[in-house]
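Here's the structure we're looking at; comments come further down.
The values are calculated or read from the model by the stated rules, or taken from the named source; none is laboratory data. What you see is a predicted model, and the numbers here were worked out from it, not measured in a lab. So basically every Cβ, Gly included, is an ideal-geometry build from the backbone, and we count neighbours across all protein chains shown.
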Amino acid sequence: MTSTGPWWLAENASLQALNTFHVTAHAPRLLHVADPEALPEALAAAGDGPLLVLGSGSNVLLAADPEGSVLCFENRDIGILEHRTDHAIVRAGAGTSWHELVTWSLGEGLSGLENLALIPGTVGAAPIQNIGAYGAQVGEFIHLVEAWDTQARGWVRLERDACRFGYRDSLFKHEPDRYLITAVQLRLPLLHELRLGYAGIGEELQRMGVELPVAADVANAVIAIRRRKLPDPDVLGNAGSFFKNPQLPAAQVEALLQEHPALPVFATDDPGQRKVSAAWLIEACGWKGHRAPSDAGVAPSHALVLVNHGQASGADLLDLARRISASVQERFGVPLEPEPRLVGARW
Ligand code: FAD
Ligand code: EPU
């Protein structure tokens, strides 16, 4: 194995450092690509067979070893392609850390990404589930996605509308591993109405003593809230929210509220649907802070976050997730759907 040049390949590689649950898994082949132009050549060298792209592994559960090759992008370039009076088009390589891009854009006087500060992972993965937090989603700011289409065996540029972004959803989720995203272009405004409405941001700014916030203050408030609520994966393995917040017909939510008036409910883009808090449902079933003998558990600070206390395997975490989901279904009649990608298992 050589680790220089436009790409390099390792065999029987450990994936423990490449997933934030820190579970043990191995890849028959691990392909690193630093120069996306070399991607076709690198893919040919890796041979035929299944291919799984991994960024930081902060939204995957490795329930078994992946088959075939795992691909990691190492291109971490950030630059401005166009500077206009009211916005700039920024381009970042797939391997760039998402939070680094947020910090860089704020330093350049660009706004929009402040509510998405401190989300773990890479730029290349951000469009996959349309990362979102504190009232913003990345899809709003995506200009286009650059990718290698493994089906057509050619380069494509997918503009925002073609990406079909939704809540934790996109075209890419429906055709996994078809598009290998090599770079993302974002359209970031120079002046932008700050989003302070999401619960907690206003209070945090007050606590910080900020009266007239700028985008960087919002980012700092979001960072402080996230550090309080979510366990640091370097300390306690996790993949953030393990389940999506379920979207249900408004009538079903009304019926649930009759019996459980404290259930947090959020509006969706569809007036006939509401989103309910999965964390609340899970906490109500008594799971918050639970720790199984396998070391799989639920974070004491947030009921939606499954954690690995050290020795849990991907299969142990999946087993706990299934037990949690079954109890929520039984008590509330609400199905839960995992947010992370399951590798080597079906839900
Ligand atoms: P990975 O986990 O490596 O991959 C995720 C998916 O994307 C996989 O299907 C993978 O195959 C695919 N993929 C990755 N890179 C590429 C590429 N270049 N081309 C094609 N496919 C690719 N998410 C949110 O939306 N909001 C949050 O607030 C949030 N908070 C989190 C907090 C914590 C503590 C943690 C651990 C996770 C959190 N997440 C959150 C989830 C996660 O950070 C995001 O989903 C992130 O985008 C995953 O990036 P990654 O590089 O780790 O992707
Ligand atoms: N809640 C509980 N118990 C808990 C935690 C929260 O009842 O243990 C209740 C809170 O009272 C609150 C509600 O749940 O009313 C929502 O909690 P929070 O603001 O923490 O948000 P969330 O819905 O649990 C979502 C995203 C997060 C994102 C935050 C902030 C999903 C699946 N998760 O969590 O994204 O950071 O909002 O916007 O939509 C992720 O995707 O990995 C992730 C962390």
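Summed over the stretch 32-51, the residues that are crowded, with 20+ Cβ neighbours inside 10 Å and under 21 Å from W98 (Cα atoms) give a count of 3. With respect to the conditions (1) within 16 Å of ligand 2 (Cβ to nearest atom); (2) in contact with a strand residue (DSSP E or B) (Cβ under 9 Å, 6 or more places away or on another chain), V145 lacks only one, and its number is (1). Would you confirm whether any residue within the stretch 115-135 is more than 10 Å from ligand 1 (Cβ to nearest atom), within 16 Å of V184 (Cβ to Cβ) and either assigned to a loop (DSSP other than H, G, I, E, B) or touching a residue at least 24 places away in the same chain (Cβ under 8 Å) (or both)? No, that holds for no residue.
Scanning the stretch 191-232 for residues that are buried (at least 16 other Cβ atoms within 10 Å of the Cβ) and among the polar types (S, T, N, Q) yields one hit, N220. Tell me, please, whether a residue that is in a strand (DSSP E or B) and among the basic types (K, R) can be found in the stretch 162-176. The answer is no, given that none of the residues of the stretch 162-176 is in a strand (DSSP E or B) and among the basic types (K, R).
Is it the case that V235 is in contact with a Pro (Cβ under 7 Å, 6 or more places away or on another chain) and either over 26 Å from V276 (Cβ atoms) or more than 9 Å from ligand 1 (Cβ to nearest atom) (or both)? No: the conditions fail for V235.
Just one of the listed residues (V253, V235, V276, V298) is of a type in the set (V, I, T), surrounded by fewer than 18 Cβ atoms within 10 Å (Cβ to Cβ) and over 20 Å from L116 (Cα atoms), namely V235. Within the stretch 181-193, the presence of a residue that is within 16 Å of ligand 2 (Cβ to nearest atom), hydrophobic (A, V, I, L, M, F, W, C) and part of a loop (DSSP other than H, G, I, E, B) is excluded. With respect to being closer than 28 Å to L256 by Cα, part of a loop (DSSP other than H, G, I, E, B) and either more than 21 Å from the chain's Cα centre (by Cα) or of a type in the set (G, A, S) (or both), G289 fits the description. Beta carbons closer than 8 Å, at least 6 apart along the sequence or on distinct chains, never pair a first residue in the stretch 232-250 that is free of Cβ contacts under 8 Å to residues at least 24 places away in the same chain with a second that is buried (at least 21 other Cβ atoms within 10 Å of the Cβ). Considered as a group, the residues in the stretch 195-213 that are among the aliphatic types (A, V, I, L, M) and without any contact (Cβ under 8 Å) to a residue 24 or more places away in the chain include one that is nearest to ligand 1 (Cβ to nearest atom), and that residue is A199. One residue stands out in the stretch 66-83 among those that are surrounded by fewer than 16 Cβ atoms within 10 Å (Cβ to Cβ) and outside any strand (DSSP E or B): the one that is farthest from the chain's Cα centre (by Cα), namely E67. Of the numbered criteria (1) surrounded by 14 or more Cβ atoms within 10 Å (Cβ to Cβ); (2) modelled with pLDDT under 95, the one T4 fails is (1).
Among residues of the stretch 10-21 that are of a type in the set (S, T, Y), those with a beta-carbon under 7 Å from a residue that is surrounded by 12 or more Cβ atoms within 10 Å (Cβ to Cβ) and not in a loop (DSSP other than H, G, I, E, B) at least six positions away or on a different chain give the pairs S14/H26; T20/G237; T20/N238; T20/A239. Among the residues of the stretch 314-335, which ones are within 16 Å of ligand 2 (Cβ to nearest atom), touching a residue at least 60 places away in the same chain (Cβ under 8 Å) and either closer than 30 Å to S69 by Cα or surrounded by fewer than 16 Cβ atoms within 10 Å (Cβ to Cβ) (or both)? Selection gives L317, A321, P335.
In the condition set (1) under 23 Å from the mean Cα position of the chain (by Cα); (2) in contact (Cβ under 8 Å) with a residue 60 or more places away in the chain, H192 is compliant with all but (1).
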